[in-house]
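Structure record follows, encoded as structure tokens.
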Amino acid sequence: MAEAFESKFAQSQLRTLNAALANGRFVSVRKLLHELPPSDVALILESSPTKTRDELWELIDSDFHGDILEELSEDVRNGIITKMKPHRVVDALEEMDTDDLAETLSSLPDEVLQGILHSMDAQDRVRAEQALSYGEETAGFIMNTDTITLRPDVTVDVVLRYIRLKGELPENTDTLYVVNRTDNLVGVVPVARLLTAAPEDKVSEVMDEEAEAIPVNMPDNEVASLFERYNWLSAPVVDDKYRLVGRITIDDVVDIIREDAEHSMMSMAGLDDEEDTFAPVWKSTQRRSVWLGVNLVTALMAAMVSDLFEATLSQLAVLAILNSIVPSMGGVAGNQTLTLVIRGMALGHVNPSSSRWLISKELAIGFLNGMIWAVLIASVIAIWKQNLMLGAIIAFAMLINMLAAAVAGATLPIVMKKMKIDPALAGSVILTTITDVVGIFAFLGTATLFLV
């Protein structure tokens, strides 16, 4: 519902902007762009062809560039930044939070990144290099460094006067962090508790010493799972010596969950989840050709198996008609299992201790489904072709392929995860190959034994 609303809104605003651009009313376009929040401007830019996008970007004041770049998808953002002069990019990045800065810089081509770093002053360059020092998809990569820290021996009154003097809290602050003289995290104080505590109470008396902290190298999907499980709004991040290095807030976690969902969905089709809808034709062609080529190889493998039984197919044309049924059913059943296991892994439900039970369960489901559909297809074929043996052969092949699909669907994600391969990206292709090869071989091989 929300995505549909966003789409309609973007289309409406884009029509207005396109009409104004076509009529040369650039002042009106500039005014409209500056009245919209950065997220809406980003949506409009992502919904525009490259030429229109460039025109709109030129009409946006440089003061707003940083806020808008934060909201853009990787492909669109990189396309805009590569056309900007390095010192303009530096100005846009200056006010970015650490996590947004890291995400923006890490996705840039190396030559563009080096040009931007050389254009920064020493202080900004250190900040940028620190943001890039943590591995992608880790807690350190998505954390902010804008934390308010307290000493345990000060009073609540001193803390409140400090906050009033400061004038504002960092965005999404629900908790303040208590550290010792070496910056080790010793506790946390919820803002609500701070406001209701007696002014003379010390921080050590109102802080929570049992608060959970996130290791800086924890994978970001595990961070998201923790936020979901414990309903956190924010959480401190510590290094290997338990020193406070930053914090992660719920808005960062929402981005992770959305990106992971988009990645899984797009990967199933062999596409990049950050790909620009209006990217140049040749660039999009190159990206998509990779997985089309992989699919062609797998299709050729299935065709080679069929070719082994060319003599059988030439003698019994009916086998060619029925040859696609068994692989198709196996592919659907296997993808159901594959999707379920990938989801379980993403939620943290699948681990080494439970994987053997899960494989056994899916094997049992494959056997029961195989029996049900084997009997059904055997009955249909026997009546349709007036051939009991042909019905029995396709039933046997169906059962074998359903079992193979269940085992492959359950084990592939686990094995690929151990091999550091994204199962959402390659799992479906490999599974389809297995079900096609096993299905064709079981059907035509059995038919060769009993009918020829």
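The values are calculated or read from the model by the stated rules, or taken from the named source; none is laboratory data. These figures come from a predicted structure and were not determined experimentally. All Cβ positions, glycine included, derive from the backbone under ideal geometry; neighbour counts span all protein chains shown. Just the protein is used for accessible areas: all its heavy atoms, side chains included, with ligands, DNA and RNA removed. Shrake-Rupley method; radii C 1.70, N 1.55, O 1.52, S 1.80 Å.
Structure summary
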item: Dipole magnitude of segment 1-111, debye to nearest 20 (Cβ charges: Lys/Arg +1, Asp/Glu -1, about Cα centre); result: 920 debye
item: Normalised per residue, the volume of the convex hull around the Cα set of the chain (Å³); result: 205 Å³
item: Helical segments meeting 18 Å axial Cα length and Kyte-Doolittle 0.5 threshold in the chain (DSSP H); result: 325-346, 352-385, 388-418, 423-451
item: Segment Arg161-Gln315, extension gain: residue separation times 0.36 nm, minus the distance between their alpha carbons; result: 46.2 nm
item: Leu451/Leu363 FRET efficiency (R0 25 Å; Cβ-Cβ; nearest 0.05); result: 0.30
item: Within-13-Å neighbourhood charge of Asp124 [Cβ basis; K, R +1; D, E -1]; result: -3
item: Mean projection area, nm², convex hull over Cα of segment 62-104; result: 2.6 nm²
item: Kirkwood Rh, Cα atoms: Rg over Rh of segment 1-134; result: 1.00
item: Net lengthening on full extension, His349/Leu233 (0.36 nm per residue, minus Cα-Cα); result: 39.5 nm
item: Segment 121-214: C-alpha pair distances exceeding 16 Å, %; result: 62 percent
item: Lysine pairs with alpha-carbon atoms under 27 Å apart, the chain, spacing 8 or more or separate chains; result: 16
item: Relative contact order (%) - criterion: Cα under 8 Å, at least six apart; region: segment 381-452; result: 41 percent
item: Euclidean distance between Cα centres, segment 172-194 to segment 38-73, Å; result: 37 Å
item: Extension reserve of the Ala392-Ser28 stretch, reckoned as 0.36 nm per residue once the Cα distance is removed; result: 123.7 nm
item: Spatial separation of Cα centroids for segment 151-171 and segment 89-122, in angstrom; result: 32 Å
item: Cα-based shape type of segment 13-56, given that a ≥ b ≥ c are square roots of the gyration tensor eigenvalues and the cut on a/c is 1.5; result: oblate
item: Residues in segment 93-130 reached by a label modelled at Glu168 [backbone nitrogen below 20 Å; 7 Å Cα→Cβ]; result: 93-101
item: Residue-averaged 222 nm ellipticity for the chain, from DSSP H runs of 4+ at -39500 (n - 2.57), nearest 500; result: -22000 deg cm²/dmol
item: Fraction of accessible area attributable to carbon and sulfur, the chain (%, probe 1.4 Å); result: 58 percent
item: Kirkwood-type radius of segment 316-452, with distances r between different C-alpha atoms, in Å; result: 15.4 Å
